[in-house]
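Take a look at the structure below.
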Amino acid sequence: MKILDRYILTSFLSTFATVFVILFFIFILQGIWLFIADLAGKDLDFYLIIKFLLFYSPKVVPLVLPLSVLLASIMTFGNFAENYEFAAMKASGISLKRAMYSLAIFISGLSIVAFLFANNIIPQAEYEFVNIKKTIVQQKPSMAIAEGQFSKIGNYNIKVSKKHGKNKNLLDDITIHKLSNLGVGANVIIKAKNGELISDEKTNFLQLVLYDGNYYEDIQPKNYKDKSKMPFAKSSFKKYIINFDLAPLQNSEGNTNDITNTNSMLNVNELVYTIDSLENKIGKDFESYSENINQRLTIVNTKLVDQPVVKDTLVNDITSILEPFQLSQILEFARGNVSNIKYSIDGSNYEFEGKIKNINNHWLALYDKFVIAYACLLMFFIGAPVGAIIRKGGLGLPIVFAMIVFIVYHFINVFGKKVAQENGIPPFLGSWLSSIILTPIAILLTYRATNDIGLINMEVILQPITKFFKKKEAK
């Protein structure tokens, strides 16, 4: 390795390491703030908190690494230009393209490492992170229920007046609203004087045991006139047990989607296998549902029915045989049948949308492992030319340019993923949208920097204006 290449590489590495550590801790602090409700005041031991943050930290690397490469590139090449080191290189016959050569090789190696990290380390860390959250919930089950306000767990809204005991698992004055299956209103209300939360690390359920209470349930009468009386059933109990699935309690990030987040725990091979299985399954579900709908509609020979003579004969026969009230009943039955089929189609459509969304999430997780590798190269070929053009090092102007570029990149990336998740665009385009948009900009900046054109050629903008005023003065 030549002395110049070694100098450029060591200058970049020192800046990159400093920037990466600073940004890494900033994002970790943001994660602590995000999960502060799960950690603060839970009497968790220090070792468990450290494990929680340790397994959370790999998730921030896909954000920190490209931003660090971008900022370090701008600062390093900005320092070279500001201190006239580039001028000395050019005087010695070394172009900017040659100066970027050694760093381009290093960034290519860093991209490979980033892909391996995203493919192997992040899925394992995500799996351990979910288990840590489950452990915290099991050790401190009371964290699922806040004091003095309603806390939603599955189809239940739970409110307690006071929590006490060693692990705050003893509850007083409990009110529970159980939501209906349609998710509108509460058709069951349970009130109890006290209760206890019980969890077991070997199971995935949280148990709520209620003592000395009453159970109220709305009754749906068959007769429409009886609905105005608003009937309900009431029963009392000495002991009543409710089991909760821990999965909703572990969702600390506020994700309201009903789709399991296992895609982030899989590597490339596992994602390819899972996607293939999910697509085959949804194809079979489509085919099965279509056959069921056809059977429910009792489809007859359409070629025969579509003939005008047969169609008129069928209608005339029905109207001539049946009485008006019988025909009205048949039409009402047909209307109800069509309405039921429509509800079935709407419900199945919602279910299929969820399955498609799940498949799209797996595709996005697959492409993300490659996007992070390409993002490192992209940010280098944006940052290095920008630093050479603006000729400013330090932490002032480089941070401004870095944040503008990264915010644009991150915004487009999030926007593309959201649209792709809802099946608005293909998942490939959603994952690569920001890279596709910024790649021409990187090529343009690299071209202008290596040819000493500058960021913006002001003469091209000012020349027409100057000519216009000169013509005015001549007239």
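A count restricted to the range 381-424 and to residues that are surrounded by 16 or more Cβ atoms within 10 Å (Cβ to Cβ) and outside any helix (DSSP H, G or I) stands at 3. Could you say whether any residue in the range 77-93 is of a type in the set (A, V, I, L, M), in contact (Cβ under 8 Å) with a residue 40 or more places away in the chain and open to solvent by less than 10 Å² (accessible area, probe 1.4 Å)? Scanning the range 77-93 turns up no residue that is of a type in the set (A, V, I, L, M), in contact (Cβ under 8 Å) with a residue 40 or more places away in the chain and open to solvent by less than 10 Å² (accessible area, probe 1.4 Å). Considering only the range 56-63, I want to know if a residue exists there that is open to solvent by 20 Å² or more (accessible area, probe 1.4 Å), part of a helix (DSSP H, G or I), of a type in the set (D, E, K, R) and closer than 22 Å to Tyr447 by Cα. Within the range 56-63, not a single residue is open to solvent by 20 Å² or more (accessible area, probe 1.4 Å), part of a helix (DSSP H, G or I), of a type in the set (D, E, K, R) and closer than 22 Å to Tyr447 by Cα. For Gly31, the stated conditions hold: it is out of contact with any Pro (no Cβ under 8 Å at 6 or more places or on another chain), surrounded by 13 or more Cβ atoms within 10 Å (Cβ to Cβ), part of a helix (DSSP H, G or I) and among the small types (Gly, Ala, Ser).
The values are calculated or read from the model by the stated rules, or taken from the named source; none is laboratory data. What you see is a predicted model, and the numbers here were worked out from it, not measured in a lab. Don't worry about glycine lacking a Cβ; one is built from the backbone with ideal geometry, like all the others, and counts go over all protein chains shown. Calculation scope for accessible area: heavy atoms of the full protein, side chains included, ligands and nucleic acids excluded. Shrake-Rupley method; radii C 1.70, N 1.55, O 1.52, S 1.80 Å.
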